[in-house]
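The values are calculated or read from the model by the stated rules, or taken from the named source; none is laboratory data. Please read these numbers as outputs of a predicted model, since none were measured by experiment. Quick reminder, even Gly has a Cβ in these numbers, built from the backbone with ideal geometry, and neighbours come from all protein chains shown.
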Amino acid sequence: MAKFVIMLRVKDGMFFADEWLQCFEKLADEIVVLDNGSTDGTYEKLKAHPKVVDIIQTEGYNEGRDKNLLYNRVRLRKPDWCLWIDIDEIFEPELTRAHFDKLMQSKLFNKYAFRRFHFMDRNHFAGSLYRLNYSAGHDRLMWREHPDGYFQDLIIDSPNVKGIKGLKYNTNFRLKHLGYINKELVDKKADIYRQIIPEKEDIFQSMYLKGERPIKWIDERNHPKTVMLNQVLNILQMTHIVPKVIRRIKNAF
C-alpha cells in the first residue's frame, strides 16, 4: 500500500485542531508539521498525536521558506504521495482512506486536485458566483512524490507544489474551508498580510465574506443536491479552461 504523508504548516490553530486531527488521522499514514510560533497550545496538541511523526518550529512569517523546509522533512519519511493542507481545511466526512488508496493505485495520474468551499458558519458555505468560481477551480493538490517537486520562494501566498510532471485529475472530493467562520482568526491573518502587502486591502476585506449568499452544506456525497452542485461547478470550470486553451493555441502560432 502507498505511503501517504500529510504536510501541515500552522500557527495558533487550536480552534480547528481537534476536528482536523479527527479527519486526517484516518486518512494519513504520517503527518509532518511545521509550527510557525504558536502560543495557544497548538504545538503541544499536535506533537502529542501518534500520527505526527515530526514537528519543527520557525519564527517570522515566510510561507515559501517554511513550505520548502517542511517538504525537506517530509522527504525524510520517504512518502509515495503527499498532500499540503491547512489546519482550517477538512475533507467531507464520507471520504475514507479507501477513497485515497484508489487514487494512489493509479499508474496514469501523478496529481489529484480537490475543491474547497469557503464556509460562513458550520452549516453554510459562501454561494456567490465569485466564490463558486473559486471552488470550481480545484485549488488543493495531492501529488506523487518526485525529487523535482518544490514550492516557490514567496513570503506570502506560495501556491501549490511545483515541478511535479505528469497528468492531473480533478476529483469531486470536497474540502471544507472553515477559516473564515472565526472573525478573531481572520483579523489576525489579515493583520499579518497587511504588514507584508498593505496595498492589498481589498483582498483582506474579502476574507470576511460580506454580502455572500449562504448555501446549506450537505455531507452526503451522493445526495441529489450534492451531485447537482458538482455538475454546476464542472460547467463553471469549463469557462475557466476554454479561454486558457484558446490562449495557448494562439501563442503556438
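Structure notes:
- Test: residue in segment 6-28 that is touching a residue at least 12 places away in the same chain (Cβ under 8 Å), in contact with a His (Cβ under 8 Å, 6 or more places away or on another chain) and closer than 23 Å to MET142 by Cβ: yes
- Options ILE56, ILE87: the member that is touching a Ser or Thr at 6+ places or on another chain (Cβ under 9 Å) and among the β-branched types (Val, Ile, Thr): ILE87
- Of LEU83, LEU95, all but one fail to be assigned to a loop (DSSP other than H, G, I, E, B) and under 16 Å from the mean Cα position of the chain (by Cα); the exception is LEU95.
- Residue match in segment 113-133 (condition: in a strand (DSSP E or B), within 22 Å of LEU76 (Cα to Cα) and without any contact (Cβ under 8 Å) to a residue 60 or more places away in the chain): no
- Tally, over segment 33-57, of residues that are farther than 19 Å from PRO159 by Cα and not in a strand (DSSP E or B): 15
- Cβ-Cβ contacts under 7 Å between residues 6 or more apart (or on different chains), taken from a first residue in segment 225-238 that is on the phi > 0 side of the Ramachandran plot and surrounded by 13 or more Cβ atoms within 10 Å (Cβ to Cβ) to a second residue that is in a helix (DSSP H, G or I) and at pLDDT 95 or above, are absent.
- The set of residues in segment 1-27 being part of a loop (DSSP other than H, G, I, E, B), more than 17 Å from THR58 (Cα to Cα) and over 15 Å from the mean Cα position of the chain (by Cα) consists of MET1, ALA2, LYS3, GLU25, LYS26.
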